[in-house]
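Only one structure is covered here, and it is reproduced in the block below.
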Amino acid sequence: MPGTKQSSPVPDDSRERIVAAATMLFAEHGYDGTSIRQIANQVGLNVATVAYHVGSKAELYQEVMRRAFAVEAQHLTRALALFLASAATDAAGAVRTLIGAYLDFCLAHTHIPALWMRRWLSDAAEVIGPEADYAKPQIDTVRQAVRSALPEVAERADLELTVWTVLWMTHGFCCSGVIDADGIRRGPADPAAVARFRAHLEGLVLRELGLGGAR
């Protein structure tokens, strides 16, 4: 009728809900341990509707990894800008800042280390691409930034393995924590454990780079 307001269509957020649910399930149970039906049940949709919105399970996994990379790349860009701004005047401080930024990112987005840890254990082995498309470019970006800002460090340290060491240790801590003297697991939820791990990681990397290690 003339003058009658037409109600705006409600946006369909099904795709976003599916990707969000898949991200958490893949991180917790792995790609191989998660079915499309589990994802569908999580968001209250049927399997056909999930497939309509995101395609196959492999395509959904690729989207999850692509988004994880996009978030991490954005954070890394900011962290490297801070590193490059101070590396010439305070190399050790700049390295600490870069390591701390990455650790803080992983602590705030624990699903991302979990996704990668599962891949390292051969989860989703049939899905080819994330390492070449996402992991290697990130590692190369950090390595090249350190080489450019601190050429003397690049002469005496294996930067590629140093970056990998930070990844392995940080992801391991965020996913598993450490077992203390009493046999209790201490991880990201324990501020003292985080502080201890942060100091250890910083010292380890600084010594590897020949920049000291003690504050």
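Every number in this text was worked out from the coordinates using simple rules, so none of it is lab data. Note that the coordinates shown come from a computational prediction; the quantities given were computed from them, not determined experimentally. Using ideal geometry, Cβ is built from the backbone for each residue, glycine included, and neighbour counts are taken over all protein chains shown.
Quick look at the numbers
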{"item": "Max mean-square fluctuation residue, GNM over the chain, Cα-Cα springs under 10 Å, options ILE18, ILE99, ILE184", "result": "ILE184"}
{"item": "Test item: Cα-centred dipole of the chain, Lys/Arg +1 and Asp/Glu -1 on Cβ, debye", "result": "360 debye"}
{"item": "Globularity ratio of the chain, using Cα Rg and 2.2 N^0.38 Å", "result": "1.24"}
{"item": "Quarter of the Cα convex hull surface for region 99-215, i.e. its orientation-mean projected area (nm²)", "result": "8.3 nm²"}
{"item": "Ranked list, fewest to most other Cβ atoms within 10 Å of each Cβ, for MET65, MET169", "result": "MET169, MET65"}
{"item": "The chain: relative contact order in percent, alpha carbon pairs under 8 Å with at least 6 residues between", "result": "19 percent"}
{"item": "Helix-only CD estimate at 222 nm, as mean residue ellipticity for the chain, using -39500 (n - 2.57) per DSSP H run (n ≥ 4)", "result": "-22000 deg cm²/dmol"}
{"item": "Estimated vicinal HN-Hα couplings, Hz - region 18-23 in sequence order (Karplus 6.51, -1.76, 1.60; Gly, Pro = x)", "result": "5, 5, 5, 5, 4, 4"}
